[in-house]
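Could you have a look at this structure, given as structure tokens, before my questions?
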């Protein structure tokens with residue numbers, strides 16, 4: 001059967017997922033992209049040499065901020081009517097879904113809404129957009145969700161929240177890449193990396209934006225290192241963004257000489273940073289399903305994470321492999337960071353985290369997509 005998966009653009013961590021779906025013997029997959037390059041990212045692809053078919057549909061783009069764009073691609077409907085896929089996996093409750101909905105209803109083409117959003121990440125959604133989402137959800141044949149919080153949020157758009165068909169597909173990373181043992185050249189590289197930083201270190205990986213809770217993290221760090229037992233603790237920030245200069249100004253204003261701005265770090269080098277850190281911190285104000293949580297879990301790091309991060313509810317067990325916190329409660333954030341830095345059973349943390357993150361594999365995620373596509377496919381596509 002011909003299946004479409006619609007995406008705004010392509011990210012490296014999606015490639016293994018789409019490759020695994022494309023390998024299914026009953027699915028002829030095309031990934032439909034609305035831009036060749038996502039904003040705020042350095043990734044570039046040779047679309048002719050990917051392990052799945054790609055269709056790039058041109059349209060209008062409006063940059064909202066450092067990390068996001070709105071895409072308006074009316075030609076999606078034309079391509080849809082020309083190609084006539086048997087099943088469409090839509091990119092959440094977006095303009096692309098809205099543009100295609102009349103054509104999908106007209107041709108009675110089943111569609112699946114792939115939604116990672118939660119009530120926290122979508123808190124600012126207007127009443128008008130919420131009504132549109134209820135309309136889109138009303139006709140959807142199934143939903144692919146990224147965890148408990150996204151399921152609760154998505155089910156809330158249905159007249160009967162228990163009636164929808166839901167398929168669980170966590171985001172995934174290469175777990176072995178972040179959990180791999182250090183040997184040979186890696187051992188030397190890690191030793192050199194450790195020399196650059198403080199005796200103990202908090203690690204953040206992501207965009208340096210307000211949405212990621214950078215101001216809250218800086219203030220929590222300032223209060224933490226004011227405590228005598230944590231004066232030799234560092235803060236390693238990996239990533240880039242509009243608050244980079246603010247970080248430098250904050251460090252200078254408060255005499256914090258152990259804040260390390262590392263900038264963008266490639267995937268082949270980033271696992272070493274997880275290996276030298278003592279705790280991973282993510283204080284997102286809005287974050288549907290951050291991949292960095294999976295990276296930290298695979299690396300076996302204890303995590304202090306915002307409860308507003310969509311996957312925190314599924315993968316962080318309080319007082320076992322980390323803590324979920326209110327990112328605006330700085331006192332509690334400091335207390336939890338202090339507790340982890342004072343000493344945890346790293347072997348227990350690592351074993352539990354790696355057991356939990358094993359659920360978030362590319363094979364498991366692809367299986368959910370494939371099953372949703374097959375279950376929703378019309379009889380004409382599945383009959384021999």
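The values are calculated or read from the model by the stated rules, or taken from the named source; none is laboratory data. Small disclaimer: the values here were computed from a predicted structure and weren't measured. Cβ sites come from the backbone with ideal geometry, for glycine too, and all protein chains shown count toward neighbours.
crowded, with 22+ Cβ neighbours inside 10 Å, in the same structural domain as residue 372 (by TED's automatic domain parsing) and in contact with a helix residue (DSSP H, G or I) (Cβ under 6 Å, 6 or more places away or on another chain): is that true of residue 154 in this structure? Walk me through it before giving the result.
Working: crowded, with 22+ Cβ neighbours inside 10 Å: yes; in the same structural domain as residue 372 (by TED's automatic domain parsing): yes; in contact with a helix residue (DSSP H, G or I) (Cβ under 6 Å, 6 or more places away or on another chain): no.
Judged against the criteria, residue 154 is not a match.
Could you pull out the residue among 149, 130, 190 that is farther than 30 Å from residue 83 by Cβ and out of contact with any helix residue (DSSP H, G or I) (no Cβ under 9 Å at 6 or more places or on another chain)? Even if it seems obvious, please write down each step before you answer.
On the way: 149 fails: out of contact with any helix residue (DSSP H, G or I) (no Cβ under 9 Å at 6 or more places or on another chain); 190 fails: out of contact with any helix residue (DSSP H, G or I) (no Cβ under 9 Å at 6 or more places or on another chain).
When all the criteria are applied, what remains is 130.
Given the options 227, 223, name the one that is more than 24 Å from residue 274 (Cα to Cα), surrounded by fewer than 19 Cβ atoms within 10 Å (Cβ to Cβ) and touching a residue at least 40 places away in the same chain (Cβ under 8 Å). Step through it out loud before you land on a result.
On the way: 223 fails: more than 24 Å from residue 274 (Cα to Cα).
Result: 227 is the single residue among 227, 223 that is more than 24 Å from residue 274 (Cα to Cα), surrounded by fewer than 19 Cβ atoms within 10 Å (Cβ to Cβ) and touching a residue at least 40 places away in the same chain (Cβ under 8 Å).
For the condition within 30 Å of residue 88 (Cα to Cα), in contact (Cβ under 8 Å) with a residue 24 or more places away in the chain and either surrounded by fewer than 21 Cβ atoms within 10 Å (Cβ to Cβ) or in the same structural domain as residue 275 (by TED's automatic domain parsing) (or both), what is the one hit in 160, 174? Walk me through it before giving the result.
Details: 160 fails: in contact (Cβ under 8 Å) with a residue 24 or more places away in the chain.
Every option except 174 fails the conditions.
Inspect the stretch 362-369 for any residue being surrounded by fewer than 16 Cβ atoms within 10 Å (Cβ to Cβ) and either under 17 Å from the mean Cα position of the chain (by Cα) or farther than 17 Å from residue 281 by Cβ (or both) and give the result as yes or no. Steps first, please.
Step one: filter the stretch 362-369 for residues surrounded by fewer than 16 Cβ atoms within 10 Å (Cβ to Cβ), giving 363-364.
Still in the list and also either under 17 Å from the mean Cα position of the chain (by Cα) or farther than 17 Å from residue 281 by Cβ (or both): 363-364.
Yes, some residue in the stretch 362-369 is surrounded by fewer than 16 Cβ atoms within 10 Å (Cβ to Cβ) and either under 17 Å from the mean Cα position of the chain (by Cα) or farther than 17 Å from residue 281 by Cβ (or both).
Quick check on the stretch 348-371. Is at least one of its residues touching a strand residue (DSSP E or B) at 6+ places or on another chain (Cβ under 6 Å), outside any loop (DSSP other than H, G, I, E, B), on the phi < 0 side of the Ramachandran plot and at pLDDT below 95?
no
Then there's this: Checking the structure you have, find out if any residue of the stretch 134-141 is closer than 20 Å to residue 293 by Cα and either outside any loop (DSSP other than H, G, I, E, B) or touching a residue at least 40 places away in the same chain (Cβ under 8 Å) (or both). Steps first, please.
In the first step, residues of the stretch 134-141 are kept if they are closer than 20 Å to residue 293 by Cα; the result is none.
Scanning the stretch 134-141, I find no residue that is closer than 20 Å to residue 293 by Cα and either outside any loop (DSSP other than H, G, I, E, B) or touching a residue at least 40 places away in the same chain (Cβ under 8 Å) (or both), so the answer is no.
Considering only the stretch 60-117, give the strands (runs of 3 or more DSSP E) lying wholly within it that have at least 3 residues that are under 25 Å from the mean Cα position of the chain (by Cα), at pLDDT 95 or above and surrounded by 23 or more Cβ atoms within 10 Å (Cβ to Cβ). Give the derivation first.
Numbers: elements: 60-65, 68-72, 87-91, 111-115.
Strands (runs of 3 or more DSSP E) meeting the threshold: 87-91, 111-115.
Also, I was wondering about something else. Just for the stretch 251-266: of the residues that are out of contact with any strand residue (DSSP E or B) (no Cβ under 9 Å at 6 or more places or on another chain) and outside any loop (DSSP other than H, G, I, E, B), which one is surrounded by the fewest Cβ atoms within 10 Å (Cβ to Cβ)?
Of everything passing the filter in the stretch 251-266, 253 is surrounded by the fewest Cβ atoms within 10 Å (Cβ to Cβ).
To continue, here is another question. For residues that are in a loop (DSSP other than H, G, I, E, B) and either under 23 Å from residue 72 (Cβ atoms) or in contact with a helix residue (DSSP H, G or I) (Cβ under 9 Å, 6 or more places away or on another chain) (or both), tally how many sit in the stretch 45-58.
Of the stretch 45-58, the ones in a loop (DSSP other than H, G, I, E, B) are 45-46, 50-52, 57-58.
When the remaining residues are screened for being either under 23 Å from residue 72 (Cβ atoms) or in contact with a helix residue (DSSP H, G or I) (Cβ under 9 Å, 6 or more places away or on another chain) (or both), the result is 45, 50-52, 57-58.
Selection size over the stretch 45-58: 6.
Every residue, every condition in (1) in a strand (DSSP E or B); (2) in contact with a helix residue (DSSP H, G or I) (Cβ under 6 Å, 6 or more places away or on another chain); (3) modelled with pLDDT of 95 or more, yes or no:
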position: 3; (1), (2), (3): yes, yes, yes
position: 6; (1), (2), (3): yes, yes, yes
position: 10; (1), (2), (3): no, no, no
position: 17; (1), (2), (3): no, yes, yes
position: 21; (1), (2), (3): no, yes, yes
position: 30; (1), (2), (3): yes, no, yes
position: 35; (1), (2), (3): no, no, no
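Please give the number of the condition residue 166 fails out of (1) within 27 Å of residue 355 (Cβ to Cβ); (2) in contact with a strand residue (DSSP E or B) (Cβ under 6 Å, 6 or more places away or on another chain); (3) not assigned by TED's automatic domain parsing to the domain that holds residue 135.
Of the numbered conditions (1) within 27 Å of residue 355 (Cβ to Cβ); (2) in contact with a strand residue (DSSP E or B) (Cβ under 6 Å, 6 or more places away or on another chain); (3) not assigned by TED's automatic domain parsing to the domain that holds residue 135, the odd one out for residue 166 is (3).
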